[in-house]
1. Could you tell me which Cys residues in the chain have no other cysteine's Cβ under 4.7 Å from their own Cβ, answering none if every one has a partner?
2. Quick one: length gained pulling PHE159 to LYS87 fully straight, 0.36 nm per residue minus the C-alpha distance?
3. Check each of the GluC sites (Glu not before Pro) in region 9-106 and keep only those in coil by DSSP with at most 13 other C-beta atoms within 10 angstrom; list them in order.
4. Can you put MET172, MET1 in order, fewest other beta carbons within 10 Å first?
5. Let's see if you can work this out: charge +1 on each Lys and Arg Cβ, -1 on each Asp and Glu Cβ, no other charges. What is the dipole magnitude of the chain about its Cα centre, in debye to the nearest 20?
6. Order these by the 10 Å Cβ neighbour count, fewest first: PHE192, PHE140.
7. If you take the square roots of the eigenvalues of the alpha-carbon gyration tensor of region 146-198 and sort them as a ≥ b ≥ c, do you get rounded (a/c under 1.5), prolate (a/b over b/c) or oblate?
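Please treat every number below as a calculation from the coordinates, not as lab data. Predicted model, so just to flag it, every value in this text is computed and none were measured. We place every Cβ from the backbone using ideal geometry, glycine too, and count neighbours over all the protein chains shown.
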Amino acid sequence: MLRVAIATENQDYDGEIYRFLLQGLLGVEIERWAPTEPVLFNGWVSVLRQARTYLKLAQRDGIGHALIAIDNDGGRKRHPEHEDSHKVAEQAADKKGGCRVCLLSHALSQTWIAGEGMKCIVVPVQMMETWLLTVRGFVFKEATPEERFCRPVLKRDFFGESARTTPQKTQMALAVLRLPDALNILRRRPSFQHFERQLAGWK
């Protein structure tokens, strides 16, 4: 079993999805570490502001692996999908339109990001629902899922019109990710490829 510090916009939804994905990619049981001093995340701003504190608490508790994730929430005109060619500092300086993956990477200690000491990764997903809809086989009208950047529309496409509780949404997401070919389908997305490459040092 591997204990991992996972910081996301919604710990009960995104956090559980990432735990499940880590488990599938690494082939070991993953337990989400919980700090003795509660750190509450609610949206991307809270993750950005509290990530350093969260990582320090995890490191103090002997946790050697961390995953920090915020949705990029962008599209063609702002918050572009993360690419390795991005100039991190420039993207991070543009808080209104820059890549949020670069913003988060820039905000964190480069020691952790580089894998020295704590192995910390920043996940570049445009929006979680793009991954889920891709696995389900949803047909996007745009050229790529990343170009459909209206989050309420993406959520409606995946969850339907009816209001659902967080546990219900989590179970719907995990049910899709349990499909036999889910990981292979996700590997078609550049953001997921980047996610998996970062795990090379964890295996």
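1. Isolated Cys, the chain: CYS120, CYS150.
2. Gain in length upon complete extension: 22.4 nm.
3. Hits after loop and neighbour filter: GLU29.
4. The order, fewest Cβ neighbours first, is MET1, MET172.
5. Magnitude of the dipole: close to 180 debye.
6. So the ranking, lowest neighbour count to highest, is PHE140, PHE192.
7. oblate
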